[in-house]
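The values are calculated or read from the model by the stated rules, or taken from the named source; none is laboratory data. The shown structure was predicted, so the numbers you read here are calculated from the model rather than taken from an experiment. Note: ideal-geometry Cβ built from the backbone for every residue, glycine included; neighbour counts use all protein chains shown.
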Amino acid sequence: LAPTEATLFFNFVFKKDKYRWRLKQLPVTFKTSSERNYWLNIVMATLIGVRNRPKNIIVFINPFGGKGKAQEIFQNYVESFFKLTPGLSFQVILTERANHAKDFILEMPQDQWQCVDGLVSVGGDGLFNELLSGALLRTQKDSGNDIHDPDSEQLQTPHLRFGIIGAGSANSIVSTVHETTDYATAALHIAIGSECNVDVCTVHENNHLLRISANAISYGWLGDLLRDSERYRWLGPIRYQWSALRTTIRHPIYRGKVSFSLSRKETEDPREVLPSCLKPCPTCDALTRYEPLPNLEFRFSGTSHTTSTPRYDFHWYTDFTHVICCVIPTVTVFTPYGLAPFTGMDCLNIFQMCFLSRKLNLLTPGLVAKV
């Protein structure tokens, strides 16, 4: 139906299949243009007044991430949806360096910061974590909370929401939230104001904040792989396979101790099912002799705390190949069902693996996802 002065086009969202969302257009023809304009004003006022829909967002695009097509993805798959959304205004910023987005948020004038109700990343998990870090750091500073203190009872939640268009290499966050990396689906969720809560964790060394993460923290083989892959960003997504091969050849093993508490008791005495420490274990010996414990080496969910009573209920001292902490299920192309499918509800899912062969290292992500 050709558009006329008496025709009004309604755009509505529908589910194309289980995970992908699309936009459909419905033309409605009125008898007169004045009748059309009457309904147009009513519909526009109603949609603009919908509370949960974003009104003023900033879109950060990493033009260098993934395959270097983030800007093209935004222009071809996202921008048109935003322009169709009544009452939505957006500013686009192309990042030029690491931490550009984070610094921009921290240095934003206060009046502009208060007017923004959404931050959108068009890139990978790294860019999203930049936006998250910048917003959390600024919010804690404005509210007087010390984010460097791991003993803080609770951090202040930012006044705005976050959106992500997966245009990076791994895209684990958008895959976990939407169960797809489809660009149009993510754009439509942002435009109509869809919401879901996700957990966030902070990593501290004593009283210094090291990192804020919304997906996973890894130490050992996987951590070394991810660090090595940063040297080969020019390879695009295939850099992970290349770094996996390099790291597997090196086969790093780390001796250390992980201390932790369980969210709930799965058995009457969890010590009966937990693995034994490598001997001699200083913590086990101290507990046996009722001597003060040394400082804990790894603190994924707590603080530096020297006392005769252990801060955490359990520990494991051994030669580690993997220590992986998942904040969200962490869905990727390598773990389509999630590295930790049941993670959430304010708890971390910790995978601790002692000495593994090179072959088992390569199979670890798939094996962990099936546990």
- Query: Taking Gln154 and the conditions (1) in the same structural domain as Leu127 (by TED's automatic domain parsing); (2) surrounded by fewer than 15 Cβ atoms within 10 Å (Cβ to Cβ); (3) not in a loop (DSSP other than H, G, I, E, B), which numbered condition does it fall short on, given that it satisfies the others?
  - Reply: (3)
- Query: Between a first residue in the range 78-96 that is over 24 Å from Ile42 (Cβ atoms) and in contact (Cβ under 8 Å) with a residue 40 or more places away in the chain and a second residue that is in a strand (DSSP E or B) and not acidic (Asp, Glu), which pairs have beta carbons less than 6 Å apart while being 6 or more apart in sequence or on different chains?
  - Reply: Val78/Ile165
- Of the residues that sit in the range 307-350 and are of a type in the set (Ser, Thr, Tyr), in contact with a strand residue (DSSP E or B) (Cβ under 6 Å, 6 or more places away or on another chain) and farther than 21 Å from Cys196 by Cβ, which one is surrounded by the fewest Cβ atoms within 10 Å (Cβ to Cβ)? Tyr312
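Condition check: modelled with pLDDT under 90 and β-branched (Val, Ile, Thr). Does Ile192 satisfy that?
Judged against the criteria, Ile192 is not a match.
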- Note on the structure: Taking the range 186-227 and keeping residues outside the structural domain of Ala170 (by TED's automatic domain parsing), part of a helix (DSSP H, G or I) and not acidic (Asp, Glu) leaves Trp221, Leu222, Gly223, Leu225, Leu226, Arg227
- Task: State whether the residues of the range 319-330 include one that is touching a Leu at 6+ places or on another chain (Cβ under 6 Å), modelled with pLDDT of 85 or more and either in a loop (DSSP other than H, G, I, E, B) or charged (D, E, K, R) (or both).
- Result: yes
- Message: Here's a check for you: in the range 127-150, which residue that is touching a strand residue (DSSP E or B) at 6+ places or on another chain (Cβ under 7 Å), of a type outside the set (A, V, I, L, M, F, W, C) and within 20 Å of Gly163 (Cα to Cα) is surrounded by the fewest Cβ atoms within 10 Å (Cβ to Cβ)?
- Response: Asn129
- Give me the pairs, please: first residue somewhere in the range 331-346 and within 19 Å of Gly168 (Cα to Cα) and not assigned by TED's automatic domain parsing to the domain that holds Ile238, second residue anywhere and at pLDDT 75 or above and not small (Gly, Ala, Ser), beta-carbon distance under 7 Å, and either six or more positions apart or on two chains. none
- Item | One residue from Leu40, Leu23 being closer than 30 Å to Pro237 by Cα and not assigned by TED's automatic domain parsing to the domain that holds Gly124 | Leu23
- Filter result (under 30 Å from Glu130 (Cβ atoms) and in contact with a strand residue (DSSP E or B) (Cβ under 6 Å, 6 or more places away or on another chain)) within the range 23-59: Leu23, Pro54, Asn56, Ile57, Ile58, Val59
